[in-house]
Amino acid sequence: MTLAFVGGTHRTVPLALRERLAFSAEQAAEALQRFRVRFPGREVVLLSTCNRVELYAAGESSAMPPPTEQLVSFLAECRGIDAGLLAPVLSGESDEAVVRHLFSVASGLDSMVLGEPQIVAQVKQAWALAQASDTAGPLTGEMFQAALRTAKRVASETALGRERLSIPSVAVADFARGVFERFDDKRVLLIGAGKMAHETLRYLREAGARDIVVLNRTAERAGKLAARLGGRPGTFADLAVELAAADLVVSTTGASAPVVSLEMFVAAEGRRGGRPLVVLDLAVPRDFDPRIGPRPGVWLYSIDDLAAACEANRKSRQREMPAAVTIIDEETRRFMGDLHHRSTAPVIEQLRAGWTETGAAELDRLFRRLPTLDAAAQGEIRQAFERYAAKMLHPPLTSLRNESRAGPPHGLLDALRRLFDLKE
Amino acid sequence: MIEFVSGISVVCFTASYLVALACEASRLVFRSGVRGAAMIAFGAAGLVAHTIFLVWRAANEPAVPLSSAFDWYLLAAWVLASGYLWLTISNPKTPVGLFMLPVVLGLIGAAQLSSRDPFPQSPATQIWGAIHGSFNLAASVAVTIGAIAGIMWLIQAGRLARKQAPTQGFRMPSLEKLALTTGRTLAIAAWTAAAGFISGLVLNAVNRRHGLLETVPWTDPVVLRMGALVAWLVIAAVVSRSMARQPDAARTTAWLSIVSFAVLTLSILWGVFGVTRHGVPPVAPLPTAPSEAAP
């Protein structure tokens, strides 16, 4: 075993326990230092996000990574949790399964929201912290770099993570942005104070919206909201006027009947000067009369319309899963091949050194016997010897490389050691 | 080097544009990490070959550079191909090539069917000929860009009306941007087409005065089609402007732009296949008749 992993995610660890298990950046740095003292010579990276806590350990021949039980105990000790509580909810893996798991995590395939992109940054941070704490090494280094490469491939070669999944993000990015090129010259009208409106406004602000009017039943509440959201307050009495001036409306009242009737809209329509109007009606029941939707220049989206678009996006992401898994399989095979080939390095080194030394000794003897040879002739003979050695070594080295792709080439290494009398 | 440059033919850049178009079309079928680079590479290769071809012709033709119908179509295709490359680099997610490259290829096809002989000219008509050709070129490019923006507007509006999220690889610009483009190009097309038509009349008068060409009669297909195109574009621009404050103005302008392109296409087909005295050398020298009105 060269690579080991233990960890738990939102799927296996209950929220209460996950909260206790989570590491802050300082706590993670401290845990890495503790690991280095406890298991000297091993490499370790700790990945802790709101949805997962995972420990990746690596080591070679003289210092193999600790077994799963010890890793679980270590995590429990770091967070002051009874190891008995953690053991049933944490899982452990070794070697290829560790690589495949990390590649899946970095690519967002193991995330709560399939394909979410934030995990890549979190994996990078975990790797950077391990480097800063001096607990990273060549094995984890190559593995994490390969994981980031895999995540990049999945992001560029599949549509996983492309489509948005939250209603506010779909409303702004897929619909409002489809109508308007820019928002810094648009008037945004917020009717009501639903929770989803806040998030929608956050996206609109990020898109550049600055001119925001907040309407509420009471002036006091509208004032508070406007102050918080950086807008201008108003009451429902201003609705008809504001409707004529608005470019985009976000409506989230708790009213039991439509707040904007067709008649009210038609009356305001004439004063709009033909400007298009986007209405994001996030209220249930709806705040806008659905008959307003087909009016020319109006783009009306109810929460059901937006939810349907989100669901279509979710299905679209699911359809990308097989392509993403294929990439992860390819990258895992490649990484494991390189890792196995890496284990053959000492044998290859000995083999090359043996041939070089023998060749050099024979050349010395030959040159002593033929003292009349000038430097140019000696150089030609030396190069011929080197070419011969390289050609003779090529087939066994190629066989080693090919064998490494399928797994550690123990049999071949053993045969080479015995055939060429190499040391362990 | 000269051998290489002179060996570049219409087939070279047409093939490059065709490959770029195939890459654009593949957006609808599968995703690829290298497609963007391939599209830009083939588009740029086509444009470089196209440029070298035109420069070579301009440098080696005995007449005024690029003064045949063949050159005019190729120059229009070059302007649109340049626009395609610029838009693809600046907006890699927008499949603008799906709309622009077929027009580029169509113009190259029209060039192949047109005469390579330069229009007869003299020092007296060269400037008016250049002005006439340039305004017509600007009008045609403006109409084409406007129509492409109009089609994109209708596709985007259809997607938004069906309440569908954007399709991967087929992301359209915003309605606001497309409406602005259709409105502006329609106005530019009307002005430049009118200027092209008027400069054509002046050119015809100068030709007649100097007895350089046969008089192009009012009933000549070229005069009729250009007149019809100018009339349509002016009407379309006026209608579009008068509707600017109507809620459905953008949709109307999109349709007007598309119809303008249809009128332009018919006009080009008429020019390619119709019989005309436009740009034809005189059979015999005309007697000088300066007092006679030019068409």
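The values are calculated or read from the model by the stated rules, or taken from the named source; none is laboratory data. Here the structure is a predicted model, which is why all the values come from computation and not from measurement. Here the Cβ positions follow ideal geometry from the backbone for every residue, glycine too, while neighbour counts run over all protein chains shown.
The residue of the stretch B:34-66 that is modelled with the highest pLDDT, among those that are in contact with a Pro (Cβ under 8 Å, 6 or more places away or on another chain) and among the charged types (D, E, K, R), is B:ARG57.
For first residues located in the stretch A:69-82 and touching a residue at least 40 places away in the same chain (Cβ under 8 Å), partners that are of a type outside the set (Ser, Thr, Tyr) and not in a helix (DSSP H, G or I) and lie 6+ apart or on another chain with Cβ distances below 6 Å form the pairs A:LEU71/A:VAL6; A:LEU71/A:LEU55; A:VAL72/A:VAL6; A:VAL72/A:ALA87; A:VAL72/A:LEU90. When B:LEU101 is tested against the conditions (1) assigned by TED's automatic domain parsing to the domain that holds B:LEU186; (2) at pLDDT 90 or above, the lone failure is (1). Does B:ALA254 satisfy the criteria of being within 14 Å of chain A (Cβ to nearest Cβ) and at pLDDT 95 or above? Considered against the rule, which asks whether it is within 14 Å of chain A (Cβ to nearest Cβ) and at pLDDT 95 or above, B:ALA254 comes out as yes. Taking the numbered list (1) outside any helix (DSSP H, G or I); (2) more than 14 Å from chain A (Cβ to nearest Cβ) in turn, B:PRO173 passes all entries but (2). Condition (residue is among the polar types (S, T, N, Q) and at pLDDT 90 or above) applied to the stretch B:77-84: is it met by at least one residue? Yes, the stretch B:77-84 contains at least one residue that is among the polar types (S, T, N, Q) and at pLDDT 90 or above. Annotation for the stretch A:231-251: at least one member residue is in contact with a helix residue (DSSP H, G or I) (Cβ under 7 Å, 6 or more places away or on another chain) and over 26 Å from A:ARG291 (Cβ atoms).
Could you list, in sequence order, all residues of the stretch A:276-308 that are without any contact (Cβ under 8 Å) to a residue 12 or more places away in the chain and among the hydrophobic types (A, V, I, L, M, F, W, C)? A:ALA308, the sole residue that qualifies. Please enumerate the residues belonging to the stretch B:150-170 that are at the interface with chain A (Cβ under 9 Å from one of its Cβ atoms) and in a loop (DSSP other than H, G, I, E, B). Hits for the stretch B:150-170 are B:LYS163, B:GLN164, B:ALA165, B:PRO166, B:GLN168, B:GLY169. Tell me the residue from B:LEU85, B:LEU75, B:LEU105, B:LEU113 that is farther than 23 Å from B:ALA262 by Cβ and touching a residue at least 40 places away in the same chain (Cβ under 8 Å), please. That would be B:LEU85, the only listed residue that is farther than 23 Å from B:ALA262 by Cβ and touching a residue at least 40 places away in the same chain (Cβ under 8 Å). Within the stretch A:13-64, being surrounded by 14 or more Cβ atoms within 10 Å (Cβ to Cβ), more than 29 Å from A:ALA345 (Cβ to Cβ) and either small (Gly, Ala, Ser) or outside the structural domain of A:SER133 (by TED's automatic domain parsing) (or both) holds for A:ALA22, A:ALA28, A:ALA29, A:ALA31, A:SER48. Residues considered: A:VAL241, A:VAL170, A:VAL214, A:VAL266. Of these, the only one that is within 14 Å of chain B (Cβ to nearest Cβ), farther than 29 Å from B:THR167 by Cα and not in a loop (DSSP other than H, G, I, E, B) is A:VAL266.
Matching residues to (1) at pLDDT 90 or above; (2) within 14 Å of chain B (Cβ to nearest Cβ); (3) surrounded by fewer than 20 Cβ atoms within 10 Å (Cβ to Cβ); (4) farther than 21 Å from A:PRO409 by Cβ:
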| residue | (1), (2), (3), (4) |
| --- | --- |
| A:VAL278 | yes, yes, no, yes |
| A:ASP304 | no, yes, yes, yes |
| A:ALA307 | no, yes, yes, yes |
| A:ALA345 | no, no, yes, no |
| A:LEU351 | no, no, no, no |
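Among the residues of the stretch A:1-47, those identified as part of a helix (DSSP H, G or I) and aliphatic (A, V, I, L, M) are A:LEU15, A:ALA16, A:LEU17, A:LEU21, A:ALA25, A:ALA28, A:ALA29, A:ALA31, A:LEU32, A:VAL37. The number of residues in the stretch A:397-421 being surrounded by 17 or more Cβ atoms within 10 Å (Cβ to Cβ) and either outside the structural domain of A:ALA353 (by TED's automatic domain parsing) or part of a helix (DSSP H, G or I) (or both) comes to 7.
Within the stretch B:218-247, residues that are within 14 Å of chain A (Cβ to nearest Cβ) sit with their Cβ atoms under 6 Å from residues that are among the polar types (S, T, N, Q) and crowded, with 20+ Cβ neighbours inside 10 Å, at 6+ positions apart or across chains, in these pairs: B:SER240/B:THR253. Put simply, of A:ALA25, A:ALA4 the only residue that is over 24 Å from A:ARG333 (Cα atoms) and touching a helix residue (DSSP H, G or I) at 6+ places or on another chain (Cβ under 8 Å) is A:ALA25. All conditions but one from (1) in a helix (DSSP H, G or I); (2) at pLDDT below 80; (3) crowded, with 17+ Cβ neighbours inside 10 Å; (4) not aliphatic (A, V, I, L, M) apply to B:TYR73; the one that does not is (2).
For the stretch B:126-172, enumerate the residues that are closer than 19 Å to B:VAL263 by Cα and of a type in the set (Phe, Trp, Tyr). Within the stretch B:126-172, just B:PHE135 meets the criteria. Counting only residues that are in contact (Cβ under 8 Å) with a residue 12 or more places away in the chain and more than 10 Å from chain B (Cβ to nearest Cβ), which one in the stretch A:309-318 is surrounded by the fewest Cβ atoms within 10 Å (Cβ to Cβ)? Out of the qualifying residues, it is A:GLN318.
Please verify whether A:ILE381 is over 30 Å from B:GLY158 (Cβ atoms) and in contact (Cβ under 8 Å) with a residue 12 or more places away in the chain, treating the condition exactly as stated. It is true that A:ILE381 is over 30 Å from B:GLY158 (Cβ atoms) and in contact (Cβ under 8 Å) with a residue 12 or more places away in the chain. Could you list, in sequence order, the residues of the stretch A:86-126 that are at positive phi and either surrounded by fewer than 19 Cβ atoms within 10 Å (Cβ to Cβ) or in contact with a strand residue (DSSP E or B) (Cβ under 6 Å, 6 or more places away or on another chain) (or both)? If the condition is that a residue be at positive phi and either surrounded by fewer than 19 Cβ atoms within 10 Å (Cβ to Cβ) or in contact with a strand residue (DSSP E or B) (Cβ under 6 Å, 6 or more places away or on another chain) (or both), then A:ASP95 is the only one that fits. When A:ARG52 is tested against (1) without any contact (Cβ under 8 Å) to a residue 24 or more places away in the chain; (2) farther than 29 Å from A:SER343 by Cβ, only condition (1) is not met.
The single residue among A:GLY297, A:GLY337, A:GLY359, A:GLY293 that is surrounded by fewer than 20 Cβ atoms within 10 Å (Cβ to Cβ) and touching a Lys or Arg at 6+ places or on another chain (Cβ under 6 Å) turns out to be A:GLY337. Of the residues making up the stretch A:280-302, those that are within 11 Å of chain B (Cβ to nearest Cβ) and of a type outside the set (Gly, Ala, Ser) number 7. Within the stretch A:139-162, if we keep just the residues that are in a loop (DSSP other than H, G, I, E, B), surrounded by 23 or more Cβ atoms within 10 Å (Cβ to Cβ) and within 11 Å of chain B (Cβ to nearest Cβ), the residue that is nearest to the chain's Cα centre (by Cα) turns out to be A:LEU160.
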